1. If you add up the charges near ARG226, with Lys and Arg at +1 and Asp and Glu at -1, over every other residue whose beta carbon is less than 14 angstrom from its beta carbon, what do you get?
2. Around PRO297, what is the net charge, scoring Lys/Arg as +1 and Asp/Glu as -1 over all other residues with Cβ under 15 Å from its Cβ?
3. First measure r as the distance between the Cβ atoms of GLU98 and ARG299, then evaluate 1/(1 + (r/R0)^6) with R0 = 30 Å and state the FRET efficiency to the nearest 0.05.
4. Can you tally the net charge around LEU125? Count Lys and Arg as +1, Asp and Glu as -1, for every other residue whose Cβ sits under 12 Å from the Cβ of LEU125.
5. With every protein chain kept in the model, how would you rank MET278, MET155, MET227, MET134 by accessible area, 1.4 Å probe, largest at the top?
6. Please give me, ordered by residue number, the trypsin sites (Lys or Arg not before Pro) of segment 138-189 that lie in loop per DSSP and have at most 11 other Cβ atoms within 10 Å.
7. Rounded to the nearest 10 Å², what accessible area does THR157 have for a 1.4 Å probe in the complete protein model?
8. Express in whole angstrom the spacing between the alpha-carbon centres of segment 152-206 and segment 66-109.
Amino acid sequence: MSATSAGGDTIKPADIVKPAGTVQDLIAAQRAAIGKADVKTLAGFLTATVFGFGIDAGEVSEGRDAVAAQLAHDLGGLGDPPAGGFTVESKALSIGAEGNHAWIAEELEVVAAGHEPRSFAITELAALVGGKWMVVALHWATPVSDAIAQRLAIMKTMPVPQPIADRHDGSADLDKAVRAAFASRAAFAEARSERPDAFNYGSGGERAHGGTGIKRIFAKLRAQIRMHDGVRVAAGSLWDPAQKTTPWIGWAAVNVDFTSKTRAATDVTQTFRVLAIMLKEGADWKIVQTQWSNGGPVR
């Protein structure tokens with residue numbers, strides 16, 4: 001499946017939630033559940049071993065119950081849904097897929113009448129499990145402008161992301177590939193897939209489509225990156241029995257130090273949370289999707 005993009009797709013919470021027989025059904029059902037702040041429905045689309053980054057720096061969870069609690073916290077920040085529920089509008093959507101898996105990136109604007117809208121930047125890895133599309137990893141964030149993030153980093157008031165412990169399930173080769181990819185900016189650019197449905201989601205809501213273009217952006221970037229602490233990696237064998245011996249897709253969660261120059265030509269470092277979706281291309285693991293975020297709350 002090629003990358004697809006769409007905007008202006010509004011779903012109200014009264015809409016019927018359909019079974020997730022397709023990726024599009026899954027996305028529509030999630031939007032409707034968010035509109036109702038219906039965590040039970042959202043949890044029904046999570047695998048038992050799901051991983052999740054939440055919008056706050058300390059929100060890093062694994063397992064259906066823990067990630068569901070995290071979603072409840074993040075949606076709780078919206079307040080109680082009005083009688084008609086929140087209105088959820090998709091500002092941008094990208095879907096890439098291989099076989100029975102899909103990587104999804106979406107910007108949602110959630111609003112109740114008379115209140116300021118809230119924006120959520122969301123990425124997911126989804127898989128067809130037992131005939132139903134389910135989420136195996138997700139990343140929720142609130143976009144933060146580069147100017148605000150850099151100012152907070154200089155002042156050392158940006159919330160510090162929860163450390164990530166080293167752990168890999170299903171593939172030592174995938175773990176090795178992730179560590180190599182995040183060793184430097186040049187290595188990250190080289191590790192990107194050139195697929196047209198590759199995607200990168202920036203911390204300020206910036207969106208880049210197409211692997212060739214993403215490689216070019218990072219190759220020219222005047223910055224350096226390195227891993228901040230550990231690496232959490234899971235290959236498809238964790239949730240897909242068909243990949244038990246030869247996994248071909250997976251995800252990685254890392255905290256990444258990103259060092260760039262300020263206008264005063266001094267170095268400033270921000271630590272981003274990154275969820276990366278990895279795909280086996282020939283003998284090599286390549287990155288098909290990443291989301292970078294500043295952990296909140298940002299004040």
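1. It works out to a net charge of -1.
2. 0
3. Taking R0 as 30 Å, the efficiency between GLU98 and ARG299 is 0.15.
4. Net local charge, LEU125 excluded: -3.
5. Accessible-area ranking of MET278, MET155, MET227, MET134, largest first: MET155, MET227, MET134, MET278.
6. LYS156
7. Surface accessible to solvent at THR157 totals approximately 80 Å².
8. 22 Å
The values are calculated or read from the model by the stated rules, or taken from the named source; none is laboratory data. Since the model is a prediction, treat every value here as computed from it, not as a measurement. Every residue, glycine as well, gets a Cβ built from its backbone with ideal geometry; the counts of neighbours run over all protein chains shown. Accessible surface is based on the protein model in full, side chains and every heavy atom, while ligands, DNA and RNA are left aside. Shrake-Rupley method; radii C 1.70, N 1.55, O 1.52, S 1.80 Å.
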